[in-house]
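A short worksheet on the structure shown next.
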Amino acid sequence: MGLSARLDAKLKEIAARIGNGSVSVGFLAGATYPDGQSVATVAFWNEFGTKGRAHGDAPHPDAVAEGIRSEPQLSGGLPPRPFFRRMVAAESGAWGTNLGKAVVASKGDGNRALGLMGEEIKGELQQSINLLTSPPLKPSTIKRKGFAKPLIDTGDMLRSVDYRVDG
C-alpha cells in the first residue's frame, strides 16, 4: 500500500471516529422568562430592534442580510442591538482552527470536540452581551432599571445562552 493510500485510509478512519455531528449555540427551545416569554424571541427583538413594527414582526429582509436596519426608523420600540451578529463577525474566523485543536484535545472524540466548541462560542456570546454599550438606553429605562447597561435587566437572557451537541 502506497503512502497516498495509507494517508487516505487514515483520514477515513479519523473521519469515521469523529462523526458528523453538529453544535447549536444560542437561545435554545424551552428557554423562557418567569412569565413564559421565549428568551429567543426577546433576543431576536434585541438583535434586530422593534422600531417601526409590532413585536414579533420580522425585520426588513435587507436588515437581516446586511446586518442593518434599512427601513425608516419610526418612533417607539427598541433600537437594534446586534450582539449576536457582531460576535459571529468578530469570532467565527477562528472557529475552524479551534475545532481542529478541540479534536486533537479530545483525542478524536467528535462529540466532545463539539462540546468544547459549544462552550467556547457560548462564552463569546455571553461576552458580547456583557460588552455591548450602544445604542445607549433611554433615560427612563435607566431610571427604571437603576443602571445603564443595555441587554441586561434580570440577567435571564445572559444565563439562557446555551449549546447543544447533536450527532
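Just so it is clear, none of the values below were taken in a lab; they were calculated from the coordinates. If you're wondering where the values come from, they're calculated on a predicted model, not measured in any experiment. Glycine gets a Cβ as well: all are built from the backbone with ideal geometry, and neighbour counts include every protein chain shown.
Computed from phi, the 3J(HN,Hα) profile of segment 20-32 under the Karplus parametrisation 6.51, -1.76, 1.60 (θ = phi - 60°) reads 10, x, 8, 10, 10, 10, x, 10, 7, 3, x, 6, 9 Hz, with x in place of Gly and Pro. Straight Cα distances below 29 angstrom link K12 to the lysines K101, K107, with same-chain residues fewer than 8 positions distant left out. Each peptide in 119-126, 159-166 receives the mean, over its residues, of other Cβ atoms within 10 Å, and ordering these scores from highest gives 119-126, 159-166. Highest mean first, the peptides 31-37, 21-27 sorted by other C-beta atoms within 10 Å per residue fall in the order 21-27, 31-37.
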